[in-house]
Amino acid sequence: AVFDAVDFDAHEGVHFFDDPKTGLRAIIAIHSTHLGPAAGGSRYWTYASDDAAVTDALRLSRGMSYKNAMAELPMGGGKAVILKTAAPKNDAYLETFGRAVDSLGGRYVTAEDVGISDADMVVVSRQTRHVSGLPVAGGAAGGNPGPSTAEGVFRGMRAAVKHKLGRDGFAGVHVAIQGLGSVGYALAGKLAAAGAKLTVADIDEARAAKAAAEFAGRHVPVDEIMAVEADVLSPCALGATLNATSIEALNVAIVAGAANNQLATPADGARVHARGILYAPDYVINAGGIINVATEYLGSGDAEAVTKLIAKIEGRLADIFVESDRTGTPTDVVADRMAQKLIGR
Ligand code: NAI
């Protein structure tokens, strides 16, 4: 079924790991190593079926190829999906995953993603050096990518607000944030500090309530956040939230958030465009984390160098928005074309 999957896009390799001893089941998809080792995080999640897990690995790894290319990193694209089961995610389990990563000999470099912490990555790193996103000393590049991703989303959102609303900065701009995890929470803090008005939601309601109290915003049930009337919707939970139904219900001028693969299908980019809503392509705006961990892995700079690279996200998105206006092409298509050119496809 892999070769026929709609999301199979001449991936260089799709690797399956099954360890009866620890119960680890993982898929590592390598989309492209054209620009360098395939880099992308590890997602630990419950999937409805094995096929759904494969689809996620295929989509996420291709997204990483595009993301790394657009972030100007000398890295290809890959992603690991760890199928969450009743098996405990203990040291033996994570070390087995580390050996799986190591077996690919550096063609794939892992990091955290949803469900995997930097402490988990430390355990993974006992078995392979092809790990980034480990905790680091102050001033160095690397560590938990969440705050860097939030910084990139903040910058990218600012470019969108400028382009679409003609406003400099966030004073009085209303942002609805879906998901207050490692990225969403940090983003909420930055936006609040910049004067934005916030509406937030999380399936963990206590977390949403805490963020609302801390950042003087309001919190709403998860099934309401996508249709909240605001200037910006920022999807920072899981992907595929933008579909025909949810797009119809959007009540914002801009969609700009961290979640990977926000568009459920390619047609949804055109739908958002047709509604006159400005969409910041996910893999361009959420590259801050990978910029941070790649700089650490490559040993190519310190925290200051990372900040400079992340700052470029703002101008890159502004270019995409201008090109989209000029050609009448949805922003996701503009970004894909730029990325494909960079990875030689
Ligand atoms: P996280 O796991 O720390 O947080 C996700 C949050 O979303 C959790 O608080 C969870 O309770 C909440 N959530 C889940 N489903 C929800 C729903 N239906 N409605 C509302 N809230 C919901 O994950 P993290 O690291 O903050 O990442 C968020 C998104 O950004 C993910 O899609 C991830 O792939 C993407 N991303 C993260 C990067 C990073 O550096 N951590 C880098 C690039 C993308």
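Read-outs: derived from the displayed coordinates by stated rules, not from any lab. Since the structure is predicted, the reported quantities are computational estimates derived from the model, not experimental observations. Heads up, the Cβs are rebuilt from the backbone with ideal geometry, glycines too, and the neighbour counts pull from every protein chain shown.
For the pair ASP50 and ALA311, the difference between a 0.36 nm per residue extended length and the Cα-Cα distance amounts to 90.1 nm. The H on the amide N of HIS219, modeled in the peptide plane, is under 5 Å from the matching H of VAL200, each at least 5 residues off or on a different chain.
Taking the helices alone, the chain has a mean residue ellipticity at 222 nm of -13000 deg cm²/dmol, built from -39,500 (n - 2.57) per DSSP H run of at least 4 residues and averaged over all its residues.
What's the exposure ranking of SER117, SER324, going from fewest to most Cβ atoms within 10 Å?
SER117, SER324
Take 122-130, 278-286, 329-337, 107-115 and order them by the average number of nearby Cβ atoms within 10 Å per residue, most first; the result is 278-286, 107-115, 329-337, 122-130.
Report the percentage of all Cα-Cα pairs in the chain whose separation exceeds 35 Å, rounded to a whole percent. That tail contains 17 percent of the Cα-Cα pairs. To the nearest Å, what is the center-to-center distance of the stretch 142-181 and the stretch 215-234, using C-alpha atoms only? So the separation of the two Cα centres works out to 14 Å. Computed on the stretch 212-309, with alpha-carbon pairs under 8 angstrom and 6+ residues apart, the relative contact order is 21 percent. Packing around the peptides 46-55, 60-69, 312-321, taken as the average count of other Cβ atoms within 10 Å per residue, puts them in this order, highest first: 60-69, 312-321, 46-55.
What residues of the stretch 38-68 lie in the reach of a label at ALA244, counting those whose backbone N is under 18 Å from a point 7 Å from the Cα along Cα→Cβ? Within reach of a label on ALA244, which here means backbone N under 18 Å from a point 7 Å along Cα→Cβ, the stretch 38-68 contributes nothing. Separation of the stretch 12-26 from the stretch 309-345 is 35 Å, based on Cα centroids. With the highest mean first, a sort of the peptides 235-245, 183-193 on other beta-carbon atoms found within 10 angstrom per residue produces 183-193, 235-245.
Can you give the convex hull volume per residue for the Cα atoms of the stretch 146-342, as a whole number of Å³? Intermediate values should be presented prior to the final figure.
Working: hull volume 21.8 nm³, N = 197.
About 111 Å³ per residue, rounded to a whole number.
Pairs of Cα atoms nearer than 8 Å and 6+ residues apart set the relative contact order; for the stretch 146-342 it is 23 percent. Beyond 18 Å in Cα-Cα separation lie the following of the pairs LYS164/LYS308; LYS197/LYS312; LYS162/LYS210; LYS164/LYS341; LYS84/LYS210; LYS162/LYS312: LYS164/LYS308; LYS197/LYS312; LYS162/LYS210; LYS164/LYS341; LYS84/LYS210.
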